[in-house]
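Notes follow the structure.
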Amino acid sequence: MEHLFGYVERFNRLLNKFFMVTGGVAVLALMSLATGNVMLRMFHLPYSGAYELISFLGAVVIASALGYTQMNHDHIIVDIITERYSEKTAEVVEGLAGLLMAFFFTLVAWQIWVWGMKIRVSGEVSETLKVIYHPFVFMVSAGFAAAALTALLDFVKDLLLYAGVLKK
């Protein structure tokens, strides 16, 4: 069981690193576009549609970081209530929170995917540049799916540790 779980965790780590690289490329493109647009504004020559592209890229940047952030537990934790629990109770609550996050992120990924499909099928394009933007929507959905997988793996790991199947 430990061996199989190790493979799944490795796959998840690679997936989240891929999304971090994707997010890094998107943030570089976003910064280049924003900086170039600001510099050209000084000469009254701003990019047409820069706001649209920056918005799309910003959504990709944020969604791409979700799984990696969850994997490294770099998110904000409010433990005002749980700090009073015993260690075992806190572990159970943390495990249930992982399951709840997995459910929520799966729901969000699914609904964003459905929205992206509607946009793709309808042929909807962005308002200013008239470019297709459903690929950005699908990237955001994939980012939430990676976060859901990571949260689910956290839950399963907590469950296996609690049951004594895995060792810390």
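Would you check if there is a residue in the range 124-143 being among the polar types (S, T, N, Q) and either more than 30 Å from ALA26 (Cα to Cα) or assigned to a loop (DSSP other than H, G, I, E, B) (or both)? Checking the range 124-143: at least one residue is among the polar types (S, T, N, Q) and either more than 30 Å from ALA26 (Cα to Cα) or assigned to a loop (DSSP other than H, G, I, E, B) (or both). Take the residues of the range 1-26 that are β-branched (Val, Ile, Thr) and surrounded by fewer than 18 Cβ atoms within 10 Å (Cβ to Cβ): which is nearest to LEU166 (Cα to Cα)? The selected residue is VAL8. Checked against (1) without any contact (Cβ under 8 Å) to a residue 60 or more places away in the chain; (2) surrounded by fewer than 16 Cβ atoms within 10 Å (Cβ to Cβ); (3) out of contact with any Pro (no Cβ under 6 Å at 6 or more places or on another chain), LEU40 passes all but a single condition, namely (3). Quick check on the range 56-66. Is at least one of its residues hydroxyl-bearing (Ser, Thr, Tyr) and either surrounded by fewer than 18 Cβ atoms within 10 Å (Cβ to Cβ) or in contact with a Lys or Arg (Cβ under 9 Å, 6 or more places away or on another chain) (or both)? The answer is no, given that none of the residues of the range 56-66 is hydroxyl-bearing (Ser, Thr, Tyr) and either surrounded by fewer than 18 Cβ atoms within 10 Å (Cβ to Cβ) or in contact with a Lys or Arg (Cβ under 9 Å, 6 or more places away or on another chain) (or both). A search for C-beta distances below 8 Å between a residue of the range 80-92 that is outside any helix (DSSP H, G or I) and any residue that is not hydroxyl-bearing (Ser, Thr, Tyr), counting only pairs 6+ apart in sequence or on different chains, returns TYR85/VAL93. Restricting the range 50-109 to residues that are in contact with a helix residue (DSSP H, G or I) (Cβ under 6 Å, 6 or more places away or on another chain) and among the polar types (S, T, N, Q), which is farthest from VAL25 (Cα to Cα)? Per the stated criteria, the residue is THR82. Annotation: GLU94 fulfils all but one of (1) surrounded by fewer than 17 Cβ atoms within 10 Å (Cβ to Cβ); (2) more than 30 Å from GLU127 (Cα to Cα); the unmet one is (1).
Every number in this text was worked out from the coordinates using simple rules, so none of it is lab data. Everything quoted here is computed from the prediction, not taken from an experiment. As a convention, Cβ positions derive from the backbone with ideal geometry for all residues, glycine included, and neighbour counts pool all protein chains shown.
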